[in-house]
Amino acid sequence: KQWYQRRVAITAGHNTSFAVLMSAYEIDRGFAEVQSYLTYVLLGISTVGLILTLVFLLPAKALRSTRSAKINICFTGALLLASLMFLIQDAFISADDTGLIKLKSTGCAVYAMIQHYLWLVVFAWMVVEGFLMYLSLVQVFGSHISKYMLKFNLAAWGIPLPIPFIGYFVFTKQHTVGSFTFTEHGYLADTMCFVRPESISFYALFLAPIVLVILVNLVFFALVAKVIKNSKSSGNISDQEQILRQLKAAVGVMVLLGTGWFFGIFMSIPAPQFQVGMQYLFILLNSSQGIFVFLFYIVLNDQVKSHWLVKVGLQEEKRTTTSSSAAAAGKSAATKATTVSASAAPNQTDNIYENAAASNEDHTYASAEYATASDKTGKHEFPAKSDNNANI
């Protein structure tokens with residue numbers, strides 16, 4: 001009996017399974033502890049990966065000024081904040097209500113609303129990532145958006161803002177019976193500071209927006225995957241290398257668009273054994289998302305690697321050289337071309353979605369038509385293997 005009571009106490013203190021984010025039902029106490037420890041490990045490593053991603057991107061002006069890098073930094077920052085809030089909650093909140101923040105208190109409500117908001121922001125940036133890929137790879141021409149970062153930030157941070165407030169104030173009600181007053185919490189969960197599972201607020205204000213984002217991004221993924229599949233070898237790499245590059249690109253796109261969250265939808269199926277299996281799969285895929293972000297944004301990104309290898313002196317900087325015919329044109333022509341290029345640069349920076357084939361130097365996602373601006377032969381690859389264009 002003492003062993004059982006101790007077991008229950010330990011389990012009650014660890015209820016931060018990552019699966020609670022999309023599970024419409026309470027996590028079985030028999031699996032909550034193991035899932036919580038698995039979440040700690042993967043989400044902890046993931047958080048370190050996200051921090052390192054920002055460490056490598058933010059100090060490098062040449063890297064962070066690129067169009068897609070700006071979006072990647074915003075997405076990484078939002079995912080880092082949401083992951084940290086989820087990861088540290090055990091330090092303040094306990095399922096047995098012995099933590100610093102008491103369950104169903106005002107502090108608990110604020111913590112839940114912040115978590116709710118941040119995860120919605122993460123998914124908003126996932127849609128932006130998908131939209132960016134679609135315009136960069138599928139709809140290459142005629143897709144100019146002015147002041148794109150301002151608009152994307154307003155949408156990603158602004159649209160989710162009222163949703164937690166609606167959830168708390170609409171679904172939290174006070175009832176008075178005689179001299180006794182009690183609060184009905186239709187928004188806060190019983191054992192943690194998050195949205196209550198199996199509630200209207202959970203289905204309507206958290207699960208539904210996430211499912212909508214997942215479905216939209218699955219469409220983006222299908223369109224982008226088609227471009228990846230149809231991309232041709234540049235002729236200087238083997239078919240096996242080309243397949244590996246395409247696979248790398250496809251996995252990278254899946255990570256950026258959060259398609260692994262799709263499996264969370266199946267946790268709402270009322271079949272206990274099936275739910276448990278999906279919970280573990282969901283934790284493995286999504287609590288490690290920051291690890292994959294670091295791998296694809298930094299480790300497997302040739303542009304980022306080259307930049308930092310040059311910085312630490314392990315690689316010589318590659319300089320762009322002119323052809324012999326261009327050199328013969330004379331110094332004055334070169335000077336004029338430099339002046340024209342310099343004057344055109346600000347427009348390229350402000351325009352995220354001009355023809356990617358004509359201005360792909362600032363694109364992380366290669367044009368579907370050309371690997372480089374000079375490749376007019378119709379042969380192309382994805383992602384582009386060039387010195388001035390980062391691989392995905």
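The values are calculated or read from the model by the stated rules, or taken from the named source; none is laboratory data. Bear in mind that the values here come from a model prediction, so they are computed numbers and not experimental data. Glycine gets a Cβ as well: all are built from the backbone with ideal geometry, and neighbour counts include every protein chain shown. What goes into the accessible areas is simple: the full protein's heavy atoms, side chains included, and nothing from ligands, DNA or RNA. Shrake-Rupley method; radii C 1.70, N 1.55, O 1.52, S 1.80 Å.
Things to note:
- Count of the stretch 170-202 residues, restricted to those that are outside any strand (DSSP E or B) and either modelled with pLDDT under 85 or out of contact with any Pro (no Cβ under 7 Å at 6 or more places or on another chain) (or both), is 18.
- Hey, residue 136 open to solvent by 50 Å² or more (accessible area, probe 1.4 Å), farther than 22 Å from residue 172 by Cβ and either in a loop (DSSP other than H, G, I, E, B) or of a type in the set (Ser, Thr, Tyr) (or both) or not: no
- Conditions (1) in contact with a Phe, Trp or Tyr (Cβ under 8 Å, 6 or more places away or on another chain); (2) under 17 Å from residue 70 (Cβ atoms); (3) open to solvent by 10 Å² or more (accessible area, probe 1.4 Å): number failed by residue 146: (1)
- Residue 38 passes every criterion in (1) out of contact with any helix residue (DSSP H, G or I) (no Cβ under 8 Å at 6 or more places or on another chain); (2) touching a residue at least 60 places away in the same chain (Cβ under 8 Å) apart from (1).
- Residues of the stretch 186-213 that turn out to be in contact with a Phe, Trp or Tyr (Cβ under 6 Å, 6 or more places away or on another chain) and among the hydroxyl-bearing types (Ser, Thr, Tyr), as a count: 2
- Among residues of the stretch 92-110 that are of a type in the set (Phe, Trp, Tyr), those with a Cβ under 6 angstrom from a residue that is part of a loop (DSSP other than H, G, I, E, B) and open to solvent by less than 30 Å² (accessible area, probe 1.4 Å), sequence gap 6+ or separate chain, pair up as 92/99.
- Hits in the stretch 55-84 - residues which are in a loop (DSSP other than H, G, I, E, B) and either touching a residue at least 40 places away in the same chain (Cβ under 8 Å) or touching a helix residue (DSSP H, G or I) at 6+ places or on another chain (Cβ under 8 Å) (or both): 58, 60, 65, 66
- When the residues of the stretch 172-209 are filtered to those that are of a type in the set (Val, Ile, Thr) and more than 26 Å from the chain's Cα centre (by Cα), the one that is nearest to residue 87 (Cα to Cα) is 191.
- Single residue of 211, 227 found to be part of a helix (DSSP H, G or I), modelled with pLDDT under 85 and either open to solvent by less than 80 Å² (accessible area, probe 1.4 Å) or aliphatic (A, V, I, L, M) (or both): 227
- Filter pass, residue 95 being among the small types (Gly, Ala, Ser), touching a Leu at 6+ places or on another chain (Cβ under 7 Å) and over 27 Å from residue 227 (Cα atoms): no
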